[in-house]
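Read through the structure below, which is laid out as structure tokens, and then see the notes.
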Amino acid sequence: MSVMFSEYQNKTVITEHYRYVGKLDNEKYQQEGLKPEAIAFLLVCLLIVAENAVVLLAIWKNKKFHVPMYYLLGNLTLSDLLAGFTYMVNIITSGVHTLNMTPVMYFLREGGVFIMLAASVISLLAIAIERHVTMVRMKPYQGNKQGRMFALIGASWVLSVFLGVLPVLGWNCLGKLGQCSTVLPLYAKSYILFCITIFSAILMSIVVLYIRIFRIVKANTQRLASVPHRKGLYRKSQKYMALLKTVTIVLGVFIACWLPLFILLLMDFFCPTGKCKVLHKADYFLGIAMINSLLNPIIYTLTSKDMRRAIIRLLCRPCLMTEDGQVKKIGMPFLDCSTTKTQTDAASHRLEGLDTTVSSGNLTPSTIKAIYPRISRT
């Protein structure tokens, strides 16, 4: 333990490892200051933080969002917001600043990226499980079971933190240069392969869950379309299918953004040290992964009418709302944020009313049986 502690405080260790994998030949580690692409990435990070902060504030200020489904979306939003901070720290402290770090500081900096990645993946899994339980098992979460949801969120963060701190706890390559990663020269290749395996297994589980849900919902949607007196239920079923597609887009964007970096890390595991020059371009692959945290708020909030209204009221209340809480008539009906409840709105809500109910997971068993009788019989 004393030997390991002394290595963690030795600043020459990072220089030794970076020289071994050939990274010191990069001008990034020879020049002071931030390069133009680094400044661009910083601006993206600021936008990530701002976007996700607005979404979290909208969820916190609206009691109608204080339901399990939005708690899970809020947890995903929180992980994206913290990811923005983590990326900023990573960019500001990279380059020549890396060579002035102690190994323990290096592990904490890079571990933050792994923690946020794990939190995002586990949050996506929790959302998929909630959808599956609600629609397939017909056991929606009730208000008195919100403690279980918070426990699930807490456990996801504990697991994410544990996964991220494994290198600082000893799973690294200090003193074992032949086992070191080229992308992360102080990380053991075995640890990186372990993380990729875990993340891939979780993503495959999510895909399996959504395929199962889609098959059931699609089959019942087609059957309801052929029944004339159930056209209203058919529209509701179509609404739920749209919500499922929205969450699936979130999953697809996550895979598209992170897949290049995953492939690069797999190459890092199989490539002998110094043989694959593309491994020295990892910053650009991480930049692509950053886009995921930028797109998530746009996808899973702006595609929801309730969330869109909440964000518009939050950001534009001084210019759109009167003192008594009414919307100013300024010729912008496309904002669709009227606070009055006309008979037309009520009829529309009755016809298309699954937007909030389904997205929050608060369907009653009777509602599910009416829409999906085939499920209830099974």
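Annotations for the structure displayed:
- Region 147-167, residues that are under 14 Å from PHE107 (Cα atoms) and crowded, with 18+ Cβ neighbours inside 10 Å: LEU163, GLY164, LEU166, PRO167
- Test: residue in region 209-231 that is within 22 Å of the chain's Cα centre (by Cα), modelled with pLDDT under 85 and surrounded by 16 or more Cβ atoms within 10 Å (Cβ to Cβ): yes
- Residue match in region 183-198 (condition: surrounded by 15 or more Cβ atoms within 10 Å (Cβ to Cβ), at pLDDT below 90, farther than 22 Å from GLY84 by Cβ and in contact with a Phe, Trp or Tyr (Cβ under 8 Å, 6 or more places away or on another chain)): no
- Top-ranked residue of region 240-282 - restricted to ones that are buried (at least 17 other Cβ atoms within 10 Å of the Cβ) and not hydrophobic (A, V, I, L, M, F, W, C), ranked as modelled with the lowest pLDDT: TYR240
The values are calculated or read from the model by the stated rules, or taken from the named source; none is laboratory data. Since this is a predicted model, take the numbers as computed values, not measurements. Methodologically, a virtual Cβ is constructed for each residue, glycine included, from the backbone with ideal geometry; neighbour enumeration extends over all protein chains shown.
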